[in-house]
Amino acid sequence: MAVLTGSSTAEVDAPLEQVWALVEDVERAPEWQAGLKGIHALERDDEGHATLCQTEADAKVRTIKSTVRFTYNGPTTLAWRQEKGELKSVDGRWELEDLGENRTLVTYSLEVDLGRMLSLVIRGPLLDLLRRMFVSARAGELKRAIESG
């Protein structure tokens, strides 16, 4: 079975709190994360964070829908795990580290098991393309979204 896994890291010229504000606003992620078509909150915590969401991602061969549970440990970690959906499993996280002098190190990690059916159509060059889009580019996308805003 095909597994899409990896991480990306970038140094962002912004304080930790500013970076965390964008990361924790998961419903805005499709505005700056390529391939992510939508995130819609199904449940919220007492602080208003979206904790259970319906997500839609463009996997090139079709749109993949998942229900994802987010865990907030601000201002340094946002983690998520698929609770149900078309993929066998999804686990991801953002980790933020304050570098001082208004700079933040961001690391994005993702592990997706496509499952048997999707592994039949998503493989080889397409799997590599999706890895670049959904993993390798993420930290740079966050950096651009913060620094250009």
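What the table below lists for this structure:
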| item | result |
| --- | --- |
| Qualifying aspartates and glutamates (Cα of each under 13 Å from Cα of K88; at least 8 residues distant if same chain) | E111, D113 |
| Taking segment 4-64 and dividing mean pair separation by its residue count, relative contact order in percent (alpha carbons under 8 Å, at least six apart) | 22 percent |
| Cα convex hull of segment 8-53, projected area averaged across orientations, nm² | 4.0 nm² |
| R103-R69 FRET efficiency (beta carbon distance; Förster radius 22 Å; 0.05 resolution) | 0.10 |
| Structure-based [θ]222 nm, the chain - -39500 (n - 2.57) summed over DSSP H runs of at least 4, per residue, nearest 500 | -6500 deg cm²/dmol |
| Computed lengthening from S148 to K60, 0.36 nm per intervening residue step minus Cα-Cα distance | 28.9 nm |
| Whole-angstrom Cα spans of the chain along principal axes, big to small | 48, 35, 21 |
| For P75, net neighbour charge (Lys/Arg +1, Asp/Glu -1) across residues whose Cβ lies under 10 Å away | -3 |
| Carbon/sulfur fraction of accessible area - the chain, other protein chains in place, 1.4 Å, % | 47 percent |
| Local net charge near V3, Cβ-Cβ under 14 Å (Lys/Arg +1, Asp/Glu -1) | 0 |
| Charge sum, other residues only, whose C-beta stays under 13 Å from K88's C-beta, Lys/Arg counted +1 and Asp/Glu -1 | -2 |
| Only Lys, Arg (+1) and Asp, Glu (-1) charged, at Cβ; segment 1-128 dipole about Cα centre in debye | 940 debye |
| Loop GluC sites (Glu not before Pro), segment 1-73 (other Cβ atoms within 10 Å of the site Cβ: 12 or fewer; DSSP) | E47 |
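The values are calculated or read from the model by the stated rules, or taken from the named source; none is laboratory data. As the structure is a prediction and not an experimental result, all values here were calculated from the model. Cβ: placed from backbone, ideal geometry, glycine included. Neighbour counts: every protein chain shown. Accessible surface is based on the protein model in full, side chains and every heavy atom, while ligands, DNA and RNA are left aside. Shrake-Rupley method; radii C 1.70, N 1.55, O 1.52, S 1.80 Å.
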